[in-house]
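Heads up, the thing below is written out as structure tokens.
What follows is calculated from the coordinates using simple rules that are stated; it is not laboratory data. Just so you know, these numbers come straight off a predicted model, no measurement behind them. Glycine gets a Cβ as well: all are built from the backbone with ideal geometry, and neighbour counts include every protein chain shown.
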Amino acid sequence: MSELRSRPRLRDGALNLADWLAEPQPATAGALNVFAGTVRNTHEGHAVGSMTYHAHRALAEARLREIEAAAEARFGVSALVAHAVGKLEIGEISVIVVIRGGHRAEGFEACRWTIDAIKSAVPIWKEEHYLDGEARFLEGVPIQPVESL
Amino acid sequence: MRITVECYGASARWCGSDAITLDLATGATGNDALDALADRFPDFAARRSNVAIASGDAIASPTAPLADGDVIALIPPVSAG
């Protein structure tokens, strides 16, 4: 296992994209697909100043690794994911998906499936902090088992 | 028996605390714990049907019996990403 693979996938503070791209591209791969989610300054008409990500750490860590394994089995790719916990500022990276595969078609598909799986199967909650001083948790979706996705 | 319920995400707001102690009858299940919370906290009762229970690093069945000293977690609808 590489040093990168041994790291927790749940990280305190904003993510650094370069940190999660450090693995060498497999010789058999012809595609590298990357998705990074960032904190946006507006949501449903509210001006957002920052975002706090809360997590059930043990379950979130297990689910992120389960999603990686599921993506690899389903699409025949290499998958690596990470998610931030704590308070992030506008523009900072909260989630990263790195897919390395043979061709772009399965790379794009795996990348899309993986970020969608993270959004519905990982116990993490966004708390938005608005510029008017208010804060609220986003509504979210009932948590799903990875095998159902 | 006595159990501890950890409240994650918005469930801490609904229940007014990050953690709640419940005294339940022997043999009580996760559903019984949720019933007890719904009786005490109207904001939780209104959202109970969308809340899962976790134990350790896994989702737990709400019909499984609890034991004295157990710690369970409320998992309200998630919003990762």
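Assorted remarks:
- Förster radius 41 Å - calculated FRET efficiency between A:Leu149 and B:Met1 (Cβ-Cβ, nearest 0.05): 0.70
- Cα long-axis angle, helix A:104-121 against chain A (0 to 90 degrees, to the nearest 10): 40
- Take each residue in B:6-12, count the other chain C-beta atoms within 10 Å of its C-beta, and the mean is 5.
- Charging the Cβ of each Asp and Glu at -1 and of each Lys and Arg at +1, and nothing else, the dipole of region A:102-149 about its Cα centre rounds to 180 debye.
- Cα pair count fraction exceeding 19 Å, expressed as % - chain B: 27
- Using the alpha-carbon positions of the protein assembly as shown, Rg (one decimal) and Dmax (whole number) come out as 19.0, 60 Å.
- J(HN,Hα) series, region B:36-46, from Karplus relation 6.51 cos²θ - 1.76 cosθ + 1.60, nearest Hz, glycine and proline x: 5, 5, 4, 5, 8, 10, x, 5, 6, 4, 5
- Residues whose placed amide H lies under 5 Å from that of A:His43, excluding near-sequence neighbours: A:Val48
- Relative contact order of region B:2-75, pairs being alpha-carbon contacts under 8 Å that are 6 or more residues apart, as %: 43
- Helix A:57-75 axis, angle to chain A major axis (alpha carbon atoms, nearest 10°): 40
- Sorting A:Glu23, A:Glu134 from the fewest to the most surrounding beta carbons within 10 angstrom yields A:Glu134, A:Glu23.
- Check: the protein assembly as shown dipole with +1 on Lys, Arg Cβ and -1 on Asp, Glu Cβ, in debye: 460
- Top positive-direction residue, dipole computed over chain B with Cβ charges, set B:Gly56, B:Pro77, B:Leu66: B:Pro77
- Karplus (6.51, -1.76, 1.60) ³J(HN,Hα), θ = phi - 60°, over region A:45-50, in Hz, Gly and Pro reported as x: x, 8, 7, 9, x, 6
- Fewest-first ranking of A:Thr28, B:Thr29, using other Cβ atoms within 10 Å as the exposure measure: A:Thr28, B:Thr29
- Here region B:50-71 and region A:1-23 have alpha carbon centers that stand 30 Å from each other.
- Residues A:Ser6, B:Ser61, A:Ser50, A:Ser120 in ascending order of nearby Cβ atoms (within 10 Å, fewest first): A:Ser6, B:Ser61, A:Ser50, A:Ser120.
- Between A:Ala18, A:Ala47, A:Ala105, the GNM of chain A built on Cα springs shorter than 10 angstrom shows A:Ala18 fluctuating the most.
- Annotation: amide H-H contacts under 5 Å for A:Thr38 (H modelled 1.01 Å from N, sequence separation of 5 or more, or interchain): A:Ser94.
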